[in-house]
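Novice: Encoded as structure tokens, here's the structure I'll be asking about.
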Amino acid sequence: MVKQLGYHQIRAIFDRFHAAEPEPKGELEHVNAYTLVVAVALSAQATDVGVNKATHALFKIADTPEKMLALGEDGLIEHIKTIGLFRQKAKNVIKLSRILVEEYGGVVPNSRAALQSLPGVGRKTANVVLNMWWGVPAQAVDTHIFRVGNRTGIAVGKDVNAVERAIEDNIPADYQQHAHHWLILHGRYTCKARKPMCGNCIIRDLCPYEDKNL
Ligand code: SF4
């Protein structure tokens, strides 16, 4: 197993990520905080591309919790039935929309506890919303970040919570805000699960992974 890298090694890696893409962005389409919550909730065990295809039309008619309630569960299902687990996700989106209207005046809260109290919103979803919408340097560890963190030694941990802590503990403060997007994009397009593209990797010389695919 690759050991946790030290401060200077990690800074050198993020200097490269930063130079290549100073403002990395998430790929889930959204038009406001509410649609971001819905998109992230829909993205569990689904690809961002698949979610975007479904939400493109959905968010034109339902971009607030009030409009989503007016659309109703059956109307929502018609839009998202190409996404895995769509029935359960539709139920959660309707329930969380109702709670937002009844308890939060239709406004998405900016605290982790409040976000996580919404149906279908776990720690990862809450962290995505906190990071992308509220500018909080929260780390949403998904399968890509978990793999890249452990493979490269950037953030070593046995489970997603440990990797989240390793990111918070080891990545320089000035790179915390964008860390999770750099790592997701690196994992999605370069440091892929089965065949990492080490030949094209901008951190190849800094990466201690022994089984590089060159
Ligand atoms: S060199 Fe290979 S294993 Fe290391 S980060 Fe790059 S793609 Fe991943």
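Novice: Helix-only estimate, please: 222 nm mean residue ellipticity of the chain, summing -39500 (n - 2.57) across DSSP H runs of length 4 or more and dividing by its residues, to the nearest 500. Provide the component values of the computation, followed by the final result.
Specialist: Details: 10 runs with 123 residues, N = 214.
After summing the helix terms and dividing by the residues of the chain, the value is -18000 deg cm²/dmol.
Novice: Answer rounded, prolate or oblate for the stretch 97-214, using the Cα gyration tensor with square roots of eigenvalues a ≥ b ≥ c: rounded when a/c is under 1.5, else prolate when a/b is larger than b/c, else oblate. Provide the component values of the computation, followed by the final result.
Specialist: Numbers: a/c = 2.70, a/b = 2.43, b/c = 1.11.
Since a/c reaches 1.5 and a/b is larger than b/c, the shape of the stretch 97-214 is classed as prolate.
Novice: Which lysines does K53 reach when only Cα atoms under 19 Å apart count, and residues fewer than 8 places away in its own chain are ignored?
Specialist: Leaving aside lysines fewer than 8 places away in the same chain, those within reach of K53 are K25, K81, K89.
Novice: Once phi is turned into ³J(HN,Hα) by the Karplus curve 6.51 cos²θ - 1.76 cosθ + 1.60 with θ = phi - 60°, what whole-Hz value does each residue of the stretch 160-174 show in order, with x for glycine and proline?
Specialist: 5, 5, 5, 5, 4, 5, 5, 5, 4, 7, 10, 8, x, 4, 6
Novice: Taking 0.36 nm per intervening residue step and subtracting the Cα-Cα distance, what contour gain separates V107 from A20 on full extension?
Specialist: Details: separation 87, 0.36 × 87 = 31.32 nm, distance 3.53 nm.
Taking V107 through A20 to full extension adds about 27.8 nm, to one decimal.
Novice: May I pose another question? Convert each backbone phi in the stretch 73-83 into a coupling constant with the Karplus relation 6.51 cos²θ - 1.76 cosθ + 1.60 (shift: θ = phi - 60°), then list the ³J(HN,Hα) values in order as whole Hz, x for Gly and Pro.
Specialist: Going residue by residue, I get 4, 5, x, 5, 4, 4, 7, 10, 6, 8, 9 Hz, with x marking Gly and Pro.
Novice: Treating the beta-carbon of each Lys and Arg as +1 and of each Asp and Glu as -1, no other charges, what is the dipole magnitude of the chain about its Cα centre, to the nearest 20 debye?
Specialist: Details: 26 positive and 22 negative charges, 132 e Å.
It works out to roughly 640 debye.
Novice: Can I ask one more? Out of all Cα-Cα pairs in the chain, roughly what percent, to the nearest whole number, are more than 29 Å apart?
Specialist: Numbers: 6851 of 22791 pairs.
Here the long-distance tail beyond 29 Å is 30 percent of all Cα pairs in the chain.
Novice: When the accessible area of the chain is computed with all protein chains present and a 1.4 Å probe, what percentage of it is carbon and sulfur?
Specialist: On the way: 5750 of 10740 Å².
Carbon plus sulfur share of accessible area: 53 percent.
Novice: Same structure again: What's the longest piece of the chain with no exposed trypsin sites (Lys or Arg not before Pro), counting a site as exposed if DSSP puts it in a loop and it has at most 16 other beta carbons within 10 Å? Each step should come with its number before you reach the end.
Specialist: Values: sites that count: K3, K25, K81, K158, K192, R194, K212.
By the stated rule (loop sites, at most 16 other Cβ atoms within 10 Å), 82-157.
Novice: In whole Å, how far is the Cα centre of the stretch 29-98 from that of the stretch 156-210?
Specialist: 29
Novice: Oh, and also: Can you sort V148, V31, V101 by solvent-accessible area, 1.4 Å probe, largest first? Mind showing how you got there, number by number?
Specialist: On the way: V148 0, V31 95, V101 50 Å².
The most accessible residue leads, giving V31, V101, V148.
Novice: Can you work out the Karplus-derived ³J(HN,Hα) for every residue in the stretch 138-154? Use 6.51 cos²θ - 1.76 cosθ + 1.60 with θ = phi - 60°, whole Hz, and x for glycine or proline.
Specialist: Whole-Hz 3J(HN,Hα) from phi for the stretch 138-154: 8, 10, 9, 7, 10, 4, 5, 5, 4, 5, 5, x, 6, 6, 9, x, 5.
Novice: Using only the heavy atoms of the protein chains and a 1.4 Å probe, how would M1, M132, M68 rank by accessible area, largest first? Walk me through the numbers before you get to the answer.
Specialist: Numbers: M1 185, M132 50, M68 0 Å².
Result, largest first: M1, M132, M68.
The values are calculated or read from the model by the stated rules, or taken from the named source; none is laboratory data. Here the structure is a predicted model, which means the values were calculated and not measured. Methodologically, a virtual Cβ is constructed for each residue, glycine included, from the backbone with ideal geometry; neighbour enumeration extends over all protein chains shown. With ligands, DNA and RNA removed, areas are computed over all heavy atoms of the protein, side chains included. Shrake-Rupley method; radii C 1.70, N 1.55, O 1.52, S 1.80 Å.
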